[in-house]
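**Q** Mind looking over this structure? Questions follow.
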Amino acid sequence: MGAGSSTVGITGCGHSIYLKKSDRTLFSFLAEAARDALASAGLTRDDIDGLAVCSFELPPDNAVTLGEQFGLSLSWAYLGTAGGAGPVASVANSIRAVESGQAKAVLCIAGDNYDVSGHYRLMDRFNKALINYGVPHGFGGANGLFAMIQRKHMETYGTTRAQLGRLAVDMRANARANPAALLHGAMSLDDYLDARVIADPLRLFDCVLPCQGAEAVVVTTLDRAPPGKGVRALAARERHNHPVGELTPLRGGWELFRDALYADAGMGPADMQFVQAYDDYPIMVAIQLEDLGFCPKGEVGRLFDANSFTWQGSLPVNTGGGQLSCGQSGAGGGMIGLVEAVRQLRHEGGERQIANVSRGLVSGYGMVGYGHGLSTSAIILERLP
Amino acid sequence: MTPAYPQPGVDLDNARFIIAWRERGRLVLQRCRGCGAMIFYPRTMCPGCWSPDLAWVEASGRGVVVSYALVHRPNHESFNGEVPIILAEIALAEGPMMIARIIANNPATIRTGLSVKLVSDVGRYPLPTFTT
């Protein structure tokens, strides 16, 4: 998207309940999040003429047939293709669609209905390269791939599990102030370090809990926002398949657009009052923080030693607990941070509200290919004065 | 009875690679006649220069471990009796990187930088698999 918009932004946010397992349909979770977001925006179904959806389990349906399910007449429809980086990108594209007159108000939804075995089935048919050259090795789904990335980061830069654990523990503390989180039991650093091995060096609390749920926001002209509830995008960027040809890189693509992102926003990492980072694994939050300029490459261990990441901390990260504690609702995992950011900027954070917060960064990541996530995205959001 | 390993799909782009392994226990790679690049995984054109003129060459079957995971929760039940699955990123002697399984009696002996070679039992594993 590049530079942000002064006239179009996010005017509502919502989510569905998160469940570990149920018979409910995917449509029911997407619909629940959609109704919640519309109510938050003060709009009704008839106001919506644009629809953007990100969902792994949606096929054979798509944005248009979801519109039929929901009874929407649409002038603009968008189907995300970038996995967990898709929802942030979908919002940036929706802002442009409203600016250019293709739609007046866009509903952006992301969600899925997984349980643990459902997620392994997803990874077994994720794309041709993994089907042909990963699955027959018993690769262990995303866990096997990200274990190799984490080991490489640990061996290259000296990053330790205890440093990554500081982040995981603080994110769990955030979840304990979020009634919607599926995992809100107390977790100590020892709990994190001693948990059952999933794919060494990854242990249980490095891995997300696949679940059912959905997240949604409404994008329209900011003059339609309820008073004090508008959130504008100062800048947004995306990048796919970088670095070309590397299997388990220690960078994702954010580093290519970070300078342009901050230049468009007119501010830098030190100005961000929170980061909602894509947390499929703590190591990927670490890599995002490096690539997005919160510390030099390889020095995230020291950043972790020197900071706290709770909503009251020196660098608030994933103030709702993130996917690691809320559960990963498939592609909804790429929107949970965005919705939490909007909630914080509307000062609707409840028990975990950051005081006087006015701006922050949301980062997306996903679409695992032959070795690593191919897609990255980021958006800088600011509360309307 | 343990179910069979999941098998790779075979198509016109990758058949030479799959069949060389399955029938002869050998690793073959694509070499681009346009730019000379060695390529893995098999493509329909060179991802470096987009030449569709690709030759198949037999590789040495040797490489070095770049990183690895010890997978205790595999994706498919056929692997459950063989955990931990040693999954590794391997720098092949010919240049390309490959994600492949390593067979070792003691997974604790696996290290980054370790030299590995193809296993010798033909037909057992679905894809080129390495040992120390």
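**Q** May I ask you to verify whether residue B:43 is in a loop (DSSP other than H, G, I, E, B) and surrounded by fewer than 22 Cβ atoms within 10 Å (Cβ to Cβ)?
**A** yes
**Q** Could you give me the residue pairs with C-beta distances under 7 Å whose first residue belongs to the range B:74-99 and is free of Cβ contacts under 8 Å to residues at least 40 places away in the same chain and within 19 Å of residue A:148 (Cα to Cα), whose second residue is in a loop (DSSP other than H, G, I, E, B) and among the polar types (S, T, N, Q) wherever it lies, and which are 6+ apart or on separate chains?
**A** Matching pairs, first to second residue: B:89/A:248.
**Q** Separate question: How many of the residues in the range A:293-335 are buried (at least 24 other Cβ atoms within 10 Å of the Cβ) and not β-branched (Val, Ile, Thr)?
**A** The total comes to 21.
Results for (1) of a type in the set (Lys, Arg); (2) surrounded by fewer than 24 Cβ atoms within 10 Å (Cβ to Cβ); (3) modelled with pLDDT of 95 or more, shown as yes or no for each residue.
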position	(1), (2), (3)
A:99	no, yes, yes
A:111	no, no, yes
A:115	no, yes, no
A:118	no, yes, no
A:121	yes, yes, no
A:131	no, yes, yes
A:137	no, no, yes
A:145	no, no, yes
A:150	no, no, yes
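**Q** Restricting the range B:74-91 to residues that are more than 9 Å from every other protein chain (Cβ to nearest Cβ) and within 17 Å of the chain's Cα centre (by Cα), which is nearest to residue A:203 (Cα to Cα)?
**A** Residue satisfying both the conditions and the ranking: B:86.
**Q** Related question: Just wondering, is there one or more residues in the range B:7-24 that are more than 11 Å from every other protein chain (Cβ to nearest Cβ), assigned to a helix (DSSP H, G or I), farther than 25 Å from residue B:81 by Cβ and in contact (Cβ under 8 Å) with a residue 60 or more places away in the chain?
**A** Yes, there is a match, as at least one residue in the range B:7-24 is more than 11 Å from every other protein chain (Cβ to nearest Cβ), assigned to a helix (DSSP H, G or I), farther than 25 Å from residue B:81 by Cβ and in contact (Cβ under 8 Å) with a residue 60 or more places away in the chain.
**Q** Would you mind telling me which numbered condition in (1) surrounded by fewer than 17 Cβ atoms within 10 Å (Cβ to Cβ); (2) at pLDDT 95 or above residue A:244 fails?
**A** Unmet condition: (2).
**Q** To continue, here is another question. Does residue A:37 fit the bill of being under 19 Å from the mean Cα position of the chain (by Cα) and either touching a residue at least 40 places away in the same chain (Cβ under 8 Å) or crowded, with 19+ Cβ neighbours inside 10 Å (or both)?
**A** Here the answer is yes, as residue A:37 does meet what is asked.
**Q** Confirm whether residue B:110 is among the hydrophobic types (A, V, I, L, M, F, W, C), more than 9 Å from chain A (Cβ to nearest Cβ) and under 22 Å from residue A:131 (Cβ atoms).
**A** no
**Q** Failed condition for residue B:94, given (1) within 14 Å of another protein chain (Cβ to nearest Cβ); (2) in contact with a Gly (Cβ under 9 Å, 6 or more places away or on another chain), with all others met?
**A** For residue B:94, the failing item is (1).
**Q** Let me ask another. What helices (runs of 4 or more DSSP H) completely inside the range A:105-201 contain at least 3 residues that are more than 9 Å from chain B (Cβ to nearest Cβ)?
**A** Per the criteria, A:116-124, A:141-157, A:161-175, A:189-194.
**Q** A further question on this structure: Among (1) surrounded by 16 or more Cβ atoms within 10 Å (Cβ to Cβ); (2) on the phi > 0 side of the Ramachandran plot, which single condition is residue A:71 missing?
**A** (1)
The values are calculated or read from the model by the stated rules, or taken from the named source; none is laboratory data. Fair warning: this is a prediction, and the values are worked out from it, not measured in the lab. Note that each Cβ is placed from the backbone with ideal geometry, even for glycine, and that neighbours are counted across all protein chains shown.
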